[in-house]
Amino acid sequence: MEITQFQLDALREIGNIGSGHAATALSTLLQRRIDMSVPKVWAVPFEQVSGIVGQLDMPQATIYVKAEGEAPGKAVFFFPVESAEIMVQALFGSDKPVDLYTDEMAQSALKEVGNILVSSFLIALTQFSGISFQPSVPALAVDMIGASLDAIFLEEGMLEDTVLFIDTQLTGLPKIEGQFIFLPDEGSLKKMLEAMGL
C-alpha cells in the first residue's frame, strides 16, 4: 500500500515517543543518562529490505519479537556487533571484552535491551491507535544479517508488501547505532493507520 509523507511524519512522531520511553528505561537500567531519537521513518517495498539493511554477509546482533494482536507483525532491531558489545559492557559496568557468539549472560542482557526497545515502540503505537500488541519473548541471533532475515521471513504467515524502517540515534554511550524495522502481517498496516486516523 502507498504511504503518504503525512502518514510517515505522524509515524516518526510516534517513534520519537517510543524512543523516549526506551531512553527512560535504558537510563534506569544503565544508571546513566541515555537519550534516543528517531530522525527518520520511511516505508519501503518488502523486496528492497535486504538492500537497505546493508551488506547481507555483515555480522549483526538481530533481536526479533513477534507482535501479536489486532494488527500483528514482526518487530526486528539490528545492532552492529560492535554496538551490541558496547551496550553489554555498559550493562555489566565493565570494559572487559565480551563474546556475543558464546557468552550466554551477554546474550541474555542484549535480549533484555531488545525487549525494552521493541516494547517501547509497540506501547507508543498502542497509545496512538488503541490497538494492543502482545510481544513475544525476544529471540537473538548473532549472525550474518542475510541469514537472520531469511529465518524471520520464512516464518509462517503472510507479510505486508510495505515495511516500516525506523532509524534510531542513541546518545549517552559511544558508537551506538541501530535500526528498527516493523514487518506488518498482511492487512495490519492499513488497520494501524485507520485506527490512528491517518
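Among the residues that make up region 87-102, is at least one of them over 17 Å from F180 (Cα atoms), without any contact (Cβ under 8 Å) to a residue 24 or more places away in the chain and in contact with a Phe, Trp or Tyr (Cβ under 9 Å, 6 or more places away or on another chain)?
The answer is yes, given that some residue of region 87-102 is over 17 Å from F180 (Cα atoms), without any contact (Cβ under 8 Å) to a residue 24 or more places away in the chain and in contact with a Phe, Trp or Tyr (Cβ under 9 Å, 6 or more places away or on another chain).
Residue by residue, here is whether (1) touching a helix residue (DSSP H, G or I) at 6+ places or on another chain (Cβ under 7 Å); (2) modelled with pLDDT under 85 holds:
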| residue | (1), (2) |
| --- | --- |
| A71 | yes, no |
| E85 | no, no |
| S94 | no, yes |
| Y101 | no, no |
| M105 | no, no |
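Could you tell me whether V65 is surrounded by fewer than 20 Cβ atoms within 10 Å (Cβ to Cβ), hydrophobic (A, V, I, L, M, F, W, C) and not in a helix (DSSP H, G or I)? Spell out the reasoning first.
Values: surrounded by fewer than 20 Cβ atoms within 10 Å (Cβ to Cβ): no; hydrophobic (A, V, I, L, M, F, W, C): yes; not in a helix (DSSP H, G or I): yes.
No: the conditions fail for V65.
Between residues in region 116-133 that are closer than 9 Å to H21 by Cα and residues that are surrounded by fewer than 20 Cβ atoms within 10 Å (Cβ to Cβ) and of a type in the set (G, A, S), which pairs lie under 7 Å by C-beta distance while being six or more apart or on different chains?
Partner pairs satisfying both residue conditions: I116/A25; S120/A25.
Just to be sure before I move on: is A71 assigned to a helix (DSSP H, G or I), within 17 Å of the chain's Cα centre (by Cα) and of a type in the set (A, V, I, L, M) in the structure I sent?
On the way: assigned to a helix (DSSP H, G or I): no; within 17 Å of the chain's Cα centre (by Cα): yes; of a type in the set (A, V, I, L, M): yes.
Criteria not met by A71.
Residue check: is P80 of a type outside the set (D, E), within 30 Å of E160 (Cα to Cα), in contact with a strand residue (DSSP E or B) (Cβ under 8 Å, 6 or more places away or on another chain) and surrounded by fewer than 19 Cβ atoms within 10 Å (Cβ to Cβ)? Spell out how you get there, then give the answer.
Working: of a type outside the set (D, E): yes; within 30 Å of E160 (Cα to Cα): yes; in contact with a strand residue (DSSP E or B) (Cβ under 8 Å, 6 or more places away or on another chain): yes; surrounded by fewer than 19 Cβ atoms within 10 Å (Cβ to Cβ): no.
Judged against the criteria, P80 is not a match.
Please go through region 117-139 and give me each residue that is crowded, with 20+ Cβ neighbours inside 10 Å and either under 21 Å from T24 (Cα atoms) or within 15 Å of the chain's Cα centre (by Cα) (or both), ordered by number.
Answer for region 117-139, where residues must be crowded, with 20+ Cβ neighbours inside 10 Å and either under 21 Å from T24 (Cα atoms) or within 15 Å of the chain's Cα centre (by Cα) (or both): L117, V118, S119, S120, F121, L122, A124, L125, F133, P138.
Quick one: in region 123-140, of everything that is assigned to a helix (DSSP H, G or I) and of a type in the set (S, T, N, Q), which residue is nearest to K74 (Cα to Cα)? Walk me through how you get there before you give the answer.
The first filter runs over region 123-140 and keeps only residues assigned to a helix (DSSP H, G or I), leaving 123-129.
Adding the requirement that they be of a type in the set (S, T, N, Q) leaves 126-127, 129.
Values: T126: 15, Q127: 19, S129: 17 Å.
In this case the residue turns out to be T126.
Here are some conditions: (1) within 13 Å of the chain's Cα centre (by Cα); (2) surrounded by fewer than 17 Cβ atoms within 10 Å (Cβ to Cβ). Q48 meets all but one. Which one does it not meet?
Condition not satisfied by Q48: (1).
So which residues in region 148-178 are of a type outside the set (A, V, I, L, M, F, W, C), exposed (fewer than 13 other Cβ atoms within 10 Å of the Cβ) and modelled with pLDDT under 75, if there are any at all?
E155, E156, G157, P174, K175
Cβ-Cβ under 7 Å, sequence separation 6+ or interchain: first residue in region 158-186 and under 17 Å from E70 (Cβ atoms), partner modelled with pLDDT under 80 and in a loop (DSSP other than H, G, I, E, B). Which pairs?
P184/E160; D185/G157; D185/M158; D185/E160; E186/M158; E186/E160
Could you list all residues from region 34-45 that are within 18 Å of G178 (Cα to Cα) and either more than 14 Å from the chain's Cα centre (by Cα) or surrounded by fewer than 17 Cβ atoms within 10 Å (Cβ to Cβ) (or both)?
Here is the first cut: in region 34-45, the ones within 18 Å of G178 (Cα to Cα) are 34-44.
Result: I34, D35, S37, P39, K40, W42, A43, V44.
Within the group V49, V38, V44, which residue is under 28 Å from A90 (Cα atoms) and of a type in the set (V, I, T)?
On the way: V49 fails: under 28 Å from A90 (Cα atoms); V44 fails: under 28 Å from A90 (Cα atoms).
Just one listed residue meets the conditions, V38.
Kindly provide the set of residues from region 51-61 that are surrounded by 15 or more Cβ atoms within 10 Å (Cβ to Cβ) and at pLDDT 70 or above, ordered by number.
Once the filter is applied, which keeps residues that are surrounded by 15 or more Cβ atoms within 10 Å (Cβ to Cβ) and at pLDDT 70 or above, region 51-61 yields P59, Q60, A61.
The values are calculated or read from the model by the stated rules, or taken from the named source; none is laboratory data. Computed from a prediction, not measured in an experiment: that's the story for all the values here. Neighbour counts are summed over all protein chains in view; Cβ atoms, including those assigned to glycine, are modelled from backbone coordinates with ideal geometry.
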